[in-house]
Amino acid sequence: MTLLQPALPDLFKSMSDDDVHQLISASRKKLGERCVILGHHYQRDEVIRHADYTGDSLKLARIARDLKETPYIVFCGVHFMAETADILTTGQQQVSLPDLQAGCEMADMAETWDVEASWAEAVAAGAGTIVPVTYINSKASLKAFVGDHGGTICTSGNAREVIDWALARGEHLFFFPDQHLGRNVCKAMGFDTEKDMLLWDPKKPLGGHSPEKIRETRIWLWQGHCPVHALFTLHQIKKLRTEKPGIKIIVHPECAMEVVDASDMSGSTEQIIQAIEASPAGTVWAVGTEKHLVERLATNNPDKEITSLNPYTCLCGTMNRITSRHLAWVLDDLVQGKPLRNPITVDEKTASSSLVALDRMFNLH
Ligand code: 13P
Ligand code: SF4
């Protein structure tokens with residue numbers, strides 16, 4: 001989802017980096033408990049240093065849900081995260097995304113009208129009970145669809161538990177939008193990638209399959225992916241294992257199956273941090289996830305050797321859009337008594353159906 005972002009005023013463009021940081025700190029002091037800054041692990045260091053809380057999608061969603069008394073939440077992450085925070089907070093609270101162009105390319109790969117059309121085709125093909133699950137990296141309208149159809153949400157940190165829940169409730173799991181997360185988790189649960197799963201291409205009738213194939217296949221994976229994690233390959237793993245015997249490879253489950261299978265571990269951004277921090281000094285790691293997190297891991301763990309699995313490193317361009325200058329602008333407006341800049345608001349009907357789906361997820365923990 002790309003929204004129109006107003007240009008940064010000259011004042012914020014021309015300040016020195018030090019002045020920007022001082023302004024943010026001074027604004028935070030003035031705003032006190034009225035404002036909380038949330039920072040996803042892929043954010044730039046210049047932003048993360050000002051975050052009250054950092055985390056993966058699941059942790060930040062839980063924090064937003066529990067911030068009952070905070071009128072302003074500034075979400076330094078991407079659009080679906082700010083939408084989720086808006087859904088989980090009360091009508092008295094507001095959520096801002098400091099740069100409106102911070103979307104998620106994967107979330108944009110599952111348009112809700114496409115999902116609705118595919119769903120209707122599957123039902124017409126005579127499929128049995130279908131339980132929809134969407135990865136949290138999706139639009140609020142898709143979360144609402146899932147909520148209205150007896151389904152739920154998962155994150156990279158809880159996907160196995162959620163998929164287990166869904167499969168116990170229906171004959172088919174329809175998983176959106178990340179084919180890789182769905183495939184990796186279902187494979188780890190013992191399902192066969194050929195016999196039990198099919199890839200649903202939304203551009204083709206019935207996802208590109210016959211009605212019989214749809215009826216007999218348990219797991220349908222929407223054809224979406226993360227372009228950032230697509231840059232990690234099996235070749236890189238083989239090369240590193242030859243060059244550095246003993247190296248440990250850890251990747252995000254948005255990577256392709258062959259990459260996850262050849263790695264030592266996979267997990268959410270928070271789980272990647274925990275695994276590396278818990279490892280003994282001297283451990284050598286290659287990490288298959290976004291560059292800002294990998295670089296921060298290397299800085300924060302000087303007793304270990306940590307590099308990106310991809311030698312050219314992989315950047316999420318939309319996460320990267322938010323800078324300390326955007327953050328300074330949002331906070332300065334609040335200090336001056338202006339309305340919250342870049343509010344992310346999900347309409348009431350969508351929010352209430354999405355909340356049903358999110359609550360089902362939270363109730364599993
Ligand atoms: P996490 O929930 O693991 O932080 O992942 C979010 C994301 O967008 C990964 O690309
Ligand atoms: Fe979306 Fe991929 Fe960026 Fe994560 S890394 S926010 S999935 S585009």
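Filter the range 21-63 down to residues that are over 22 Å from Lys291 (Cβ atoms) and touching a Phe, Trp or Tyr at 6+ places or on another chain (Cβ under 9 Å) and give me whichever is surrounded by the most Cβ atoms within 10 Å (Cβ to Cβ).
Within the range 21-63, the match that is surrounded by the most Cβ atoms within 10 Å (Cβ to Cβ) is Ala61.
Could you check, for the range 125-143, whether at least one of its residues is away from ligand 1 (no atom under 16 Å from the Cβ), within 22 Å of the chain's Cα centre (by Cα) and without any contact (Cβ under 8 Å) to a residue 12 or more places away in the chain?
No, that holds for no residue.
For Ser14, state whether it is more than 18 Å from the chain's Cα centre (by Cα), buried (at least 19 other Cβ atoms within 10 Å of the Cβ) and among the small types (Gly, Ala, Ser).
no
Of all the residues that make up the range 252-285, how many are touching a residue at least 24 places away in the same chain (Cβ under 8 Å), within 16 Å of ligand 1 (Cβ to nearest atom) and not aliphatic (A, V, I, L, M)?
Of the residues in that region, 12 qualify.
Can you tell me which residue is farthest from Met106 (Cα to Cα) among those in the range 253-269 that are assigned to a loop (DSSP other than H, G, I, E, B) and out of contact with any Leu (no Cβ under 9 Å at 6 or more places or on another chain)?
Step by step, filter the range 253-269, then rank; the result is Asp264.
Name the pairs whose Cβ atoms lie under 6 Å apart, with the first residue in the range 41-55 and within 16 Å of ligand 2 (Cβ to nearest atom), the second in a loop (DSSP other than H, G, I, E, B), and 6 or more positions between them or separate chains?
Pairs that qualify, where the first residue is within 16 Å of ligand 2 (Cβ to nearest atom) and the partner is in a loop (DSSP other than H, G, I, E, B), are Tyr42/Glu290; Tyr42/Cys316; Val47/Ile322.
Can you tell me which residue within the range 86-108, out of those that are more than 20 Å from His326 (Cβ to Cβ) and away from ligand 1 (no atom under 16 Å from the Cβ), is surrounded by the most Cβ atoms within 10 Å (Cβ to Cβ)?
Looking at residues that are more than 20 Å from His326 (Cβ to Cβ) and away from ligand 1 (no atom under 16 Å from the Cβ), I get Ile87.
Suppose we filter the range 315-365 for residues that are under 13 Å from Asp86 (Cα atoms), touching a strand residue (DSSP E or B) at 6+ places or on another chain (Cβ under 6 Å) and crowded, with 16+ Cβ neighbours inside 10 Å; how many remain?
Matching residues across the range 315-365 total 3.
Looking only at the range 282-318, which residues are of a type in the set (Gly, Ala, Ser) and either under 20 Å from the mean Cα position of the chain (by Cα) or part of a helix (DSSP H, G or I) (or both)?
Matches in the range 282-318: Gly288, Ala298, Ser308, Gly317.
Looking at (1) farther than 14 Å from Met319 by Cβ; (2) touching a strand residue (DSSP E or B) at 6+ places or on another chain (Cβ under 9 Å), which is the one condition that is false for Ser25?
Every listed condition holds for Ser25 apart from (2).
Only one of (1) closer than 16 Å to Ser57 by Cα; (2) of a type in the set (A, V, I, L, M); (3) not in a loop (DSSP other than H, G, I, E, B) is not met by Ala102, so which one is it?
(3) is the only condition that Ala102 fails.
From the list Glu83, Glu69, which residue is under 20 Å from Leu355 (Cα atoms), in contact with a helix residue (DSSP H, G or I) (Cβ under 9 Å, 6 or more places away or on another chain), buried (at least 23 other Cβ atoms within 10 Å of the Cβ) and among the acidic types (Asp, Glu)?
Within the list Glu83, Glu69, the selection yields Glu83.
Output the number of residues of the range 21-62 satisfying the condition of being farther than 17 Å from Asp86 by Cα, among the aliphatic types (A, V, I, L, M) and assigned to a helix (DSSP H, G or I).
6
Please work out if Ala275 is aliphatic (A, V, I, L, M) and touching a His at 6+ places or on another chain (Cβ under 9 Å).
No; evaluated as a whole, the condition is false for this residue.
In the range 231-247, which residues are part of a helix (DSSP H, G or I) and either hydrophobic (A, V, I, L, M, F, W, C) or within 16 Å of ligand 1 (Cβ to nearest atom) (or both)?
Hits for the range 231-247 are Leu231, Leu234, Ile237, Leu240.
Restricting the first residue to the range 94-105 and requiring it to be charged (D, E, K, R), which pairs with a second residue that is assigned to a loop (DSSP other than H, G, I, E, B) meet a Cβ separation below 6 Å and a spacing of at least six or different chains?
Asp99/Gln5; Asp99/Ile322; Glu105/Pro227
Tally the residues that are surrounded by fewer than 24 Cβ atoms within 10 Å (Cβ to Cβ), assigned to a helix (DSSP H, G or I) and within 12 Å of ligand 1 (Cβ to nearest atom), restricting the search to the range 215-230.
Of the residues in that region, 1 qualify.
Every read-out reported here was derived from the displayed coordinates using simple, explicitly stated rules and does not represent laboratory data. This one's a predicted model, so the numbers in the text were calculated from it and none came from an experiment. With ideal geometry, Cβ positions are generated from the backbone for all residues, glycine too; neighbour counts draw on all protein chains shown.
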